[in-house]
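The values are calculated or read from the model by the stated rules, or taken from the named source; none is laboratory data. Remember, predicted model here, so these are calculated numbers, not experimental data. Don't worry about glycine lacking a Cβ; one is built from the backbone with ideal geometry, like all the others, and counts go over all protein chains shown. What goes into the accessible areas is simple: the full protein's heavy atoms, side chains included, and nothing from ligands, DNA or RNA. Shrake-Rupley method; radii C 1.70, N 1.55, O 1.52, S 1.80 Å.
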Amino acid sequence: MKTGNGLSDLGSGLLYLLPSLLLFGVFLFYPMIRTIYLSLFYTDPQGNPIAFIGLENFTYLLQSEEFLNSAKATGLFVLYTVPAGILLSLFLALIANLKLKGIGIFRTLFSSTMGMSVAASSIIWMFMYNPSIGVFNKLLNLIGFEGHSWLLDPNTALLAVALSTIWMNTGFAFLILLGGLQNIDEQLYESAKISGAGSFYQLRRITLPMLSPTLFFITTVSLINSFQTFGQIDILTKGGPVQSTNVIVYSIYQDAFVNYNAGSASAQAVLLFFCILAVTILQFRLGEKKVHYQ
Amino acid sequence: MSLMKKSLLYVLLVLSALFMMFPIVYAVMISFMQGGEVLQGKLLPSSFSFENYQSAFQQVPLLHFLMNSLIVSVTVTAGQLIVSSLAAFAFVFIKFRGRNTLFFLFISTMMIPWEATMVPNYLIVQKLGWINQYSSLTIPFFALAFGTFLLRQQFKTIPYELFEASQVAGISRFRFFWKVVLPVSKTSIITLAIYSFLTTWNMYLWPLLVTNNEKVRTVQIGLKQMQSQEVSSEWGIVMAAAVIVVLPTLILLFAGQKHLQKGLTQGAIK
């Protein structure tokens, strides 16, 4: 086949893209449109639309205490996990970026949670939170305090899940931030040293500004991930106690696969989509302005 | 760096490592304990016994779950590599009208959270008769925008003149892709393979939805099932199973950490 003319280029271009386009079409674009469509309907238990009701699913959700509670739990969860997670990963990346003997071992150890699945991690944390034999209460007892049922108390359950999530997410954020740090031009530090700048000054004036694109990226990804939390909730608390950990994806799952209400689940999924879209757009808008690119 | 400062930094590093590794080491320790020791809340086992590991394999079809996870992860990894590399090749080496629009379409897929599509996806898979089949666990994940980006970055470093020269020499496009582009991009492909395997092995929500018996159930769901059955008495066995489940991905991560970090940074920032 002679290549170079426009038509055959278009043809073979599409041929190479065909598997991707087909799969995206069937398992992403069509379901997304279907989700929006279903969110406007009453549905039967098999998930088929029965009657068009417009925005009623949405107005119902926004008035239902359960959904508002789920939105609140999601908001709090994001608030608990994102800033603390980024600060922890940044701290680890900064100390792991030093040129010291054996630093490679520490890098590997710090990144290890990226290899840990949510299921396995959740089970380990569940044991650590165990009221009678878990390590947290053993430590409390050791220093003379009463133990606590971390996952069974509505006041502490969300915090406990958040703490375990911060740990689970650190490995990935650490790897990205370490990569960002290693991309910073060494000469910037050399010239700062020559002019006698201290290490705190270097951190504030060189490292953080040069790292800002990476920091911005990891903030966005962490926000999005945090909105999508499911596994640790399913294993640690199942949305309880008294709905205190019923974050949005868990609520969608329950509506769709426990209560068999695909309409309401789809409406919540649409809201989740817009939340994530807003975060992504914000990333692009703010990112262009605030972030210092090399 | 002064000796004082150096030792202070090492103290910080060791403390941080202890903090990060504690849950993992703790789980390993529990997995070697006998029932009584676990209930006393000990930190270290009095002797290292492999009994819990044996029981984990005997009491649940752990080996079967592990095989399922391996089949699913290897299939998704292969699928993602093939589909993403073909797409990335088109975006770099084939100039056609509408290419930028299609590329924009690919970018836009990253904004759709998978969870927002899971209800219709479940219904589709159900209609196709794929519940409790490997196909439902693998095929929907073959197309990957992130993978396409990562490979596109890499392919762009190959001089376009090389492609033109190969065309003049009468080498077909696919042959150029197969014989030149893929071999020189080995590092990026390995990076993507590690990433794909890791994320697929650790997948949770989707396998939970589309499997309801042991036939193709992955090890993550097996672990959840085990935990809810055994939680009261047999923590040692549950922990042994958890350790077995994370071992493959931890080894893969430790072996490929440098690659992965470089690849992720490339895909994320540029």
* Asked: If you keep only loop residues by DSSP, which trypsin sites (Lys or Arg not before Pro) in segment B:64-118 have at most 15 other Cβ atoms within 10 Å of their Cβ?
  -> B:K95, B:R97
* By how many nm would the segment from B:M67 to B:F254 grow when fully extended, if each residue of separation counts as 0.36 nm and the alpha-carbon distance is taken off? -> 65.1 nm
* To do: Measure nothing fancy, just the Cα-based angle from helix B:145-155's long axis to the longest principal axis of chain B, in degrees from 0 to 90, nearest 10.
  => 60 degrees
* Hey, what's the per residue convex hull volume over the C-alpha atoms of segment B:162-262, in cubic angstrom? -> 142 Å³
* Asked: What ranking of A:S121, B:S172 comes out by heavy-atom accessible area, probe 1.4 Å, highest first?
  -> B:S172, A:S121
* To do: Can you figure out the FRET efficiency of B:L12 with B:L105, using R₀ = 56 Å and their beta-carbon distance, to the nearest 0.05?
  => 0.75
* Asked: What is the Cα centroid distance between segment B:85-163 and segment A:221-268, reported in whole angstrom?
  -> 27 Å
* Could you order B:L198, B:L12 so the one with the most accessible surface comes first? Probe is 1.4 Å. => B:L12, B:L198
* Structure fact -> Full extension between A:D44 and A:K99 adds, at 0.36 nm per residue less the Cα distance, a length in nm of 13.6 nm
* Protein heavy-atom accessible area occluded, A/B pair - total, 1.4 Å probe, Å² -> 8100 Å²
* Only Lys, Arg (+1) and Asp, Glu (-1) charged, at Cβ; the protein assembly as shown dipole about Cα centre in debye -> 2020 debye
* Once every Cα of the protein assembly as shown carries one equal point scatterer and solvent is ignored, give the base-10 log of I(q)/I(0) from the Debye formula at q = 0.11 Å⁻¹, two decimals. => -1.13
* Structure fact -> For segment B:7-21, in residue order, the Karplus 3J(HN,Hα) values (coefficients 6.51, -1.76, 1.60; θ = phi - 60°; whole Hz; Gly and Pro = x) are 5, 4, 5, 4, 4, 4, 4, 5, 4, 5, 5, 4, 4, 6, 8
* With N residues in segment A:84-136, what two-decimal value do you get for its Cα radius of gyration over 2.2 N^0.38 Å? -> 1.46
* Asked: Out of A:V242, A:V270, A:V279, any idea which swings most in a Gaussian network model of chain A, alpha carbons joined below 10 Å?
  -> A:V242
* Most mobile of A:L139, A:L22, A:L163 per a Gaussian network model of chain A (Cα springs, under 10 Å)? -> A:L22
* Structure fact -> Amide H contacts under 5 Å for A:F41, restricted to residues at least 5 apart in sequence or on another chain and with H modeled in the peptide plane, are A:I53
* Would you mind giving the mean number of other chain beta-carbons within 10 Å of the Cβ of each residue in B:82-92, as a whole number? => 4
* Structure fact -> Beyond 26 Å (Cα-Cα) in this structure, taken from A:K238/B:K42; B:K186/B:K215; B:K186/B:K224; B:K215/B:K262; A:K72/A:K238; A:K101/A:K138, we find A:K238/B:K42; B:K186/B:K215; B:K186/B:K224; B:K215/B:K262; A:K101/A:K138
* Candidates A:G54, A:G85, A:G144, ranked by Gaussian network fluctuation over chain A, Cα under 10 Å, top entry -> A:G144
* Structure fact -> Once phi for every residue in segment A:94-99 is put through the Karplus expression 6.51 cos²θ - 1.76 cosθ + 1.60 (θ = phi - 60°), the whole-Hz ³J(HN,Hα) values, with Gly and Pro written as x, are 5, 6, 8, 8, 6, 8
* If you wrap a convex hull around the C-alpha atoms of chain A and split its volume per residue, what is the figure in Å³? -> 235 Å³
* Asked: Can you run phi through the Karplus equation (6.51, -1.76, 1.60; θ = phi - 60°) for segment A:209-216 and list ³J(HN,Hα) in whole Hz, with x for Gly and Pro?
  -> x, 6, 8, 4, x, 5, 4, 5
* To do: Go through B:L123, A:G75, B:P183 and say which Cα lies farthest out towards the positive end of the charge dipole of the protein assembly as shown; charges sit on Cβ, +1 for Lys and Arg, -1 for Asp and Glu.
  => B:P183
* Distance in nm between pseudo-label sites at B:L43 and B:F57 (7 Å out along the Cβ direction from Cα) -> 3.2 nm
* Structure fact -> What helix-only [θ] at 222 nm does chain B give? Using -39500 (n - 2.57) per DSSP H run of at least 4, over all residues, to the nearest 500, the answer is -23500 deg cm²/dmol
* Carbon/sulfur fraction of accessible area - segment A:27-153, other protein chains in place, 1.4 Å, % -> 69 percent
* To do: Give the carbon-plus-sulfur fraction of the accessible surface of chain B in %, rounded to a whole number; probe 1.4 Å, heavy atoms of protein chains only.
  => 66 percent
* In cubic angstrom, how much convex hull volume per residue do the alpha carbon atoms of chain B span? -> 193 Å³
* Which whole-angstrom value gives the distance between the alpha carbon centres of segment B:182-230 and segment A:33-106? -> 21 Å
* **Averaged over A:211-220, number of beta-carbon atoms from partner chains that fall within 10 Å** => 1
* Structure fact -> Per-residue ellipticity at 222 nm attributable to helices in chain A (runs of n ≥ 4 DSSP H, -39500 (n - 2.57) apiece, nearest 500 deg cm²/dmol) works out to -22000 deg cm²/dmol
* Structure fact -> Expected integer from the mean partner chain Cβ neighbour count at 10 Å over A:102-114 is 6
* Mind ordering A:36-42, B:53-59 by average Cβ neighbours within 10 Å, highest first? -> A:36-42, B:53-59
* **FRET efficiency for B:L3 and B:Y134, using Cβ-Cβ distance with R0 set to 45 Å, rounded to 0.05** => 0.20
* When ligands, DNA and RNA are left out and all protein chains stay put, how many square angstrom of accessible area per residue does segment A:83-154 have with a 1.4 Å probe? -> 43 Å²
